[in-house]
1. So who's got an amide H within less than 5 Å of the one on B:Ala226, skipping anything under 5 residues away but keeping other chains? H placed 1.01 Å off N, in plane.
2. ³J(HN,Hα) across segment B:322-339 via Karplus (A = 6.51, B = -1.76, C = 1.60, θ = phi - 60°), whole Hz, x for Gly/Pro?
3. 5 Å is the cut-off here: which amide hydrogens, built 1.01 Å from N in the peptide plane, fall below it relative to B:Ala677, excluding neighbours closer than 5 in sequence?
4. Return one number: the angle in degrees, 0 to 90 and rounded to the nearest 10, between the long axis of the Cα atoms of helix B:267-284 and the longest principal axis of the Cα atoms of chain B.
5. Mind checking which lysines have their Cα closer than 18 Å to the Cα of B:Lys318? Skip sequence neighbours fewer than 8 apart in that chain.
6. Straight distance only, please: which lysines reach the Cα of B:Lys692 with their own Cα at less than 27 Å, same-chain residues fewer than 8 apart left out?
7. Which FRET efficiency, nearest 0.05, do B:Glu573 and B:Val1006 yield, Cβ-Cβ r, R0 45 Å?
8. Between segment B:894-914 and segment B:244-262, what's the alpha-carbon centroid distance in Å?
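Please treat every number below as a calculation from the coordinates, not as lab data. Note that the structure is predicted; figures quoted are calculated from it, not measured. Using ideal geometry, Cβ is built from the backbone for each residue, glycine included, and neighbour counts are taken over all protein chains shown.
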Amino acid sequence: MKKILSIILVAVLTISLTNCKGFLDKTPTDSVVAENALATIEDAGVAVNGMYTLLKYYTMYGSYMIMMGDMRGDLLYPRELSGTGYIVYSYDYGSAQNSYFSLWRNNYTTINRANSIIKNIDALEVPSDKQAIKDDYIGQAYAVRALCYFDLARLYGKPYKFDSGASLGAVLITEPVSPSEARLPRSTVAETYTQIEKDLATALPLLSKNKNTGHFNYWAARFLQAKVALYKGDNETAYTAAKDVINNGPYSLIPRDEFIDSWAEEGNDESILEGLVNLQSPIDSDNGFQGSFYYNLWFGTANTGASVIPTRKWRQLFTLTPQDIRINWIDYDDPVTGFKKTGEYWLRKFPGNTGFTAFLNNPRIMRLAEAYLIAAEAGMNSGKGDAASLLLKVAQRADPTVTSIAATMENIEIQRMKELIGEGDRFFDVMRRNGSYTRDATDPHESHPQVLTWSNDRVALPISDEERVIYPELQQNPGY
Amino acid sequence: MKKVLLFALAALISTMAFAQSRVTGTVTSKEDGGPIPGVNVMVKGTRTGSFTDENGKYSINAPANATLVFTSVGYTTLEVPVNGRSVVNAVMASDAIGLDETIVVAYGTAKKGSYSGSAAVVKQDAIKDVPVVSFEQALAGKAAGVQAMSYSGQPGSEVEISVRGYGSLNASNKPLYVIDGVPATSGDWGTGNISISAMNYLNPSDIESITILKDAAAASLYGSRASNGVILITTKKGKEGDLVSTFKANASVSYFSYKKHMEMVNDAQNEALQRMSFRNYAEANPSAWSSYGSVDAYVQSMLDVNYPAFDYDKYIYKDWEKALFQKGISQNYEYSISGGNDKGKIYASVAYTDQHGVVKIDYLRRFSATVNGEAKLNKWLKLGGIIQYSWQYQTGHQDGWSSKDNPMFIWKAVMIDRWPYAYKATGELYEEEFSTRFNTINPVGQYKHQINDATQHRVILKGWAEVAFTDYLKLKSTLASDYLYVHDKFNWLYGHPNFYAYGTGYASDKHRNVNKVVSSTTLNFDKMFDVHHVSAMVGWEAEREKFNGLRLGKTDFSYLGATESIMGTTLDEGYAWSYEESLLSLLSSASYDFNSKYYLTGTFRRDGSSRLAPNTRWGNFWSVSGTWRFSKEKFLEFPWLNDGKIRGSYGTSGTLPSDLFGYMSVYDYGYYGSDGASYPGNIANTDLTWEKNKNWNIGLDATLFDRYTLSVEYFNRKTTDLLLDASVASTTGFGSTLMNKGSMVNRGWEVSVNVDIIKKQDMELSVGANWTRVHNEILKLSTDDEAMVDPNWGWFYWKKGYNYYQWYTRTYLGINKTGSDLNGVKPGWPMYARGVFYSKGETLSNDIILRDGTVVKAGEKMPYDGYDYTPSTRNNGKSMVVEGKRAMPKFFGGFNANFRWKDLSVSMAWNYKFGHYLLNSCQDNVATDGYRTFAQPIMKTQLNPWTPENQNTDVPMRYLGNNQGGYYNSSRMLVRGDFARLKNLTISYNLPRAFVQKLTLRNARVYLSGANLLTISKCEIEPELQSNGIYEYGMPALRTWSFGVEVSF
């Protein structure tokens, strides 16, 4: 008996031990091993979508990018004299904060996604009928990278024309890198612009010319080329590229009577590039135009606070043009009968995508009206004869009583202010052309500058200290 | 089931009747030879019993072949066969921790006297009456080198245990839990809504002993998971002897323990302070009040909007503390049976706990049952098994910072007296927003529309067989399964104020289960060769863990009372996920001792883990240790030296990455619009390996004059290849990557002393204390110069030479009392050190001020590595090492005292910590120097602010929307955390024997026990926090009084 039992035990033990081959090999179920994730052109399409998920997120075009462009200007102010919005509004940012400087990180995360696509999809063998798709994907990766570098340059560098790009710009990373390879010093703004131009030049011949609202196509890249050139002061390129989008692209300005409602529509006639929110997702996980920025949330929920209120200065732009439909982007919340009884004028340009219960709106990154404004400005600067007619298109669409308009910088600026509020342009627009603005005395700006010019150190954001602790090669901007 | 067991036991221990005869005798004490009164004398296997009188004499009727069992509190139970005698005298030994006491150690047991590792034993007696749900809460202060810290005073929340400091940067610092020899699932299984501690399943009364393995000799046999200590829990087994039933019941009441926790100003003070901040702001900003006509009108208007006056005609007001909190009442009932003979033993218990939290929505209910049996089938085969089942239901709240669900946050940071509670006319709750600027709604109404609960089922099954080939060679094989199922539910029902965010209502369920199967087989050899004692063990162990999760959430409900997602219309989230992991190990140990004088032990374990790449997954862990029992040497034999030994050990252990697949390069999947999206998920690291721990320990144990027990240990644990989810340059496209880098050391002293002051029959008094000092230091990261802000909490600075818990933020320098602007700081405003770091020898480009006040001029060289302490505005103050302030205590420990007089015993236990700083992050809300417009509670520390008239103060000027004050992170939030706390006081009384016997009981006892009764501290917040010292509106420790009865029959 004893012997039998010990034999059984030894046998069990032996079997168990020999049976353990593969016992220690496990794979995850919630992600895919990299070698298997980019095996086909269909996989590549999924990875291309992956480049846009952060762009759309509140930490980029969903809110922070817009905040950096609008809240630092003179057209919007924050509801609360506290919190993120107020810090940005009052230029009170320092290198110790890092929350809204996730813009730095998120741009590089997106750049890495683009770099991974460029590196991996290039090697992918596809049948000839799929070659155009493959080209388009690679083109999109270059274009997304260009957009990220453009945003990094205008957020963290001085305006190009301030010193012809001599100040510090982005760190140029053009392929997937290891942690040690990633610690390069910053390039100059001029070098960053060179990289952007190079990427766009590579992208354009590869990209599809079909309308593709949630993704870069040829026209979006062309639009970006125009905008970059305008920032750089290359008016010829800006004019030509913007005109190309206007004349040859599959877009048209939305008529006045449909204009206000069109903001709820995904991929409307005017829209060149949007971030796509998921219509099924709850507000917590998708974050298109979310966070503290948009009207809808505060007015829709008890929780999150929308933060932006158009200034009196912006409202007064319409005093003499009461027919201008763009004043309807304001919603007055009466202190007695209003929903929240705030007595404030709220911006409700983004009403939430149609068919969506959670009040999310696709972030608008590029649209045709701005192409007109770019063409008008670049045309005016370079003496093109149609500058005034291009400007009139935008002005007249909103206000049919306008029958003519002179192509002056002042008029262009007024149209940009009226048209692009809440789209993240105002601050960059003023700075890129050495303008300055004065905040209205009634705006809340206790002990902070009311006037800002491009020589102010606050124009370029700080690099966060936390980043520099591990990455001492990364140069800080002056003044922080 | 229980009945069947009782029958089986009765059958097992049935005895034949023999002729009865009278047996008499005297029971004396082994220690002093005196008679022992009140000893229970039983005839084994029967209900016949008697007691000794004052002179230690007894008389009893017993068969000639019977065995007498002598039991008495404080003495080791003794069995003496009658063997036909008519006089049977007995000598009983005190059961104070004896040298030959057996303690549970890794993969076996050891005699305490010969054990060369470092292990702390906490016995049942020390925890049995403490009114706690989980045994871990009772460990605080009980063992040198061990800290037990509650994350929250909410019932059922996890307890953080740290053994000898912190060995890992951000791999787990938690010890391994081993229950009855099997590694068990532990940790917090909550998903952010409530803390669900897996260890809660165990009823503390079912625990026989807890051994905490501290050094390599003790813990290395657990290899890759032993670096941060191992907690061995041994549950109760049947004892040979009669089948004894014990019933225990207690009831408790709890409320907040620490009065000084976040003290707030009263309503009038609050209004006055806020008036001050409006006024100061207005006076400096004429544009603010110009449209109001005057400063006064502006201030009044701001108050009218934000501080509406009481309106008693319209509203009912309530003390929000009373609205949200209550005295928490708990009940606990336990029934157990224990018994056995040389053929078999059994222990079985059932227990029920019902605990109402101090927060009205907190509740915990637990039912547990256990059976532990073993049978000796024949001379060479023993079989045994354990079944443990526990069911637990909890409701609770989110504990975190600024969670709208957290009553502590609502009470301390949101609610002021003026917010109406209900309408006077109808008595209905007031559910409008209290303030237009702060979206807060009556929390009492909110809680009615919320479900936040969790159910836990745990089943542990264990079976084992032991084959004795000879008396010195045995094979033991164990198979165990540990199954944990957790279901947590979080609903905002239709009608909840947050419903806007989720349409009309939100309901979500998470179901998770994890099943761990462990199989081990060991061959044990143990033999004496004359004076040489040799023992050895070889074996293997395999462990597989499988996890399954399912999550479903829906929004938009049509029916007001709907609670389940099936009634919802919009899918919010719904998915399932799973993982598997495994560990395969070979283990061995050998020890030798010579004449109980010299001992030598070695252990070796080889572990392979699925968490690492095939080329790095196998690791070896070993230890050697030895003991010299010098009191056995002829030349050291002194009458006052009862026992003395020196022991030493050296060895290795490890820690696995917390990430199951951290070594692989993966793509993560999400969505973009309504399509799928994928992106690189990590930076792969195929070289990822264990964190290695090299550990040495030297200890001295002595017992002197039969009275003093002393133990002193020095330890040094060095961790290399630290696992770190290390921050990397963002330009990689990632924030961090898992890697091995750097090393860290924890070294220190542990001292335990116990003194038996009185050791008499009727009276005993002993006191004990333990003290631990741990020095923790980061030896380096990748390079000597590399530094980082810790990625876990963002509050600590990691660099060579610094403590793991070194605070890192702006340094607050008090207020500007110079009377004029100082570097941009207005008089009465707060100042912060500029905080720029300069290396030694660096030539300065501007004047700076050193910490001691020395000015170093521009152009001069920096005399040492240090920071610029020049006072500046908040905006110009950078985060810096807050020199001299850490969250880690300089020393900690406990005291205890035990007193017994006849049948009355009193015991108390204290714990203390000293020399550390806590971070009161709540200051951000309630000590803002007037930052916010809206009405909010204000901490008492804000009283007496600076004004031009009142300059003799340290509280900054109040100023609306000020961008310099308390709202911003700085060292002003750091408060000293020193405390000593009476963790437990128990008064227990054994009812008189005669009375008990009349009731035909064996024993009856009543007791009164209290937890967290007294706290000595100056801290402005609850001082007993988790190890990182960050306070974020968690529930503080509770004071509990408990009354209980225990009878056995």
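1. When sequence neighbours closer than 5 places are left aside, the close amide H contacts are B:Gly654.
2. After applying 6.51 cos²θ - 1.76 cosθ + 1.60, I find 6, 6, 9, 10, 8, 6, x, 9, 10, 9, 8, 10, 9, 9, 9, 10, 8, x Hz.
3. B:Gly670, B:Tyr671, B:Tyr672
4. 40 degrees
5. B:Lys327, B:Lys360, B:Lys412, B:Lys424, B:Lys448
6. Straight-distance partners of B:Lys692: A:Lys21, A:Lys26, B:Lys174, B:Lys214, B:Lys516, B:Lys546, B:Lys718, B:Lys741, B:Lys780, B:Lys799, B:Lys800, B:Lys890.
7. According to the calculation, E is roughly 0.30.
8. One Cα centre to the other: 17 Å.
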